[in-house]
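What follows is a set of notes on a single structure, which appears directly below.
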Amino acid sequence: MVKFIHKLIPPDQWKLPVTIVLAIFIGLSAYSVYLSKASSYFSDNPQTCVNCHVMVPQFATWNHSSHREVASCNDCHVPHNNKFAHYYFKAKDGLRHATIFTLRAEPQVIHIKEEGIKVVQQNCVRCHEHLLLTAQQQISNKDFHSERESRLCWECHRETPHGRVNSLSIVPDARVPLPESPVPEWIKELTEE
């Protein structure tokens, strides 16, 4: 291990250029983390979901739904079976979203992925288990339990909580909290002159 680390140390004539390149790389990386508001993704604040602007219709429709008072985005879209699964899914999904947004490859119409469908379904059942038990008692159909597991909740509850939202054209004038500009004031002053 010591020999490996020793091989990473550049020769004397390369130490200054390597240090400068590393400093630039670390500085740009830190600035990228700042610009992307990376720390906000550790929270459950729904405003985080509009950091990249493409989730505006989803935020706007959730903000006008009954779920706004009791559930944030993460309550529905992230697993809650254990902390590791919660943060692993959040990181994996967030990195996918960040990559798509950075490459400007986001689709006009956003559709949930298969893995996300499973998570949302599990969270519907987790939060509404008491209602499902009451419904099962009221319905005499003995196959209710097996039917419930084979159908997705939003097959019947289509308007909950996002309505039939698919694109920005659904809510073109939605009022959402836009993220603050990450551009420092001194740069804004330079560009205004």
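Nothing in this text is a laboratory measurement; each read-out follows from the coordinates by a stated rule. In this text, all values refer to a predicted model and were calculated from it rather than measured experimentally. Positions of Cβ are generated from backbone atoms using ideal geometry, with glycine treated the same way; all protein chains shown enter the neighbour counts.
In a shell of Cβ-Cβ distance under 15 Å around Glu115, excluding Glu115 itself, what net charge do Lys and Arg (+1) and Asp and Glu (-1) give? Could you put the intermediate results ahead of the total?
Working: positive: Lys90, Lys92, Arg96, Lys113, Lys118; negative: Asp93, Glu114.
That sum, taken over residues with Cβ under 15 Å, equals +3.
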Through the Karplus equation 6.51 cos²θ - 1.76 cosθ + 1.60, θ set to phi - 60°, convert the phi angles of the stretch 55-65 into ³J(HN,Hα) values in whole Hz; use x for Gly and Pro.
9, 4, x, 5, 5, 4, 6, 5, 5, 9, 9
Arranged by the count of other C-beta atoms within 10 angstrom, fewest first, what order do Val70, Val18, Val176 take?
Val70, Val18, Val176
Decide, for the stretch 26-96, between rounded, prolate and oblate: order the square roots of the alpha carbon gyration tensor eigenvalues as a ≥ b ≥ c, take rounded if a/c falls under 1.5, and otherwise choose prolate if a/b is larger than b/c, else oblate.
oblate
Taking the number of other C-beta atoms within 10 Å as the exposure measure, put Ser29, Ser36 in order starting with the fewest.
Ser29, Ser36
Can you list the lysines whose alpha carbon is less than 17 Å from that of Lys15, not counting same-chain residues fewer than 8 positions off?
Lys7
Rounding to the nearest 20 debye, state how big the charge dipole of the stretch 45-98 is about its Cα centre with +1 on each Lys and Arg Cβ and -1 on each Asp and Glu Cβ.
180
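Order of Trp154, Trp186, Trp14, Trp62 from fewest to most other C-beta atoms within 10 Å?
Fewest to most other Cβ atoms nearby, the residues stand as Trp186, Trp14, Trp154, Trp62.
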Calculated from backbone phi, Karplus (6.51, -1.76, 1.60) coupling profile of the stretch 6-22 in Hz, x at Gly/Pro:
4, 5, 6, 6, x, x, 3, 5, 9, 4, 5, x, 5, 4, 5, 4, 5
Suppose we keep just the alpha-carbon trace of the stretch 14-56; what are its Rg and Dmax in angstrom?
15.6, 49
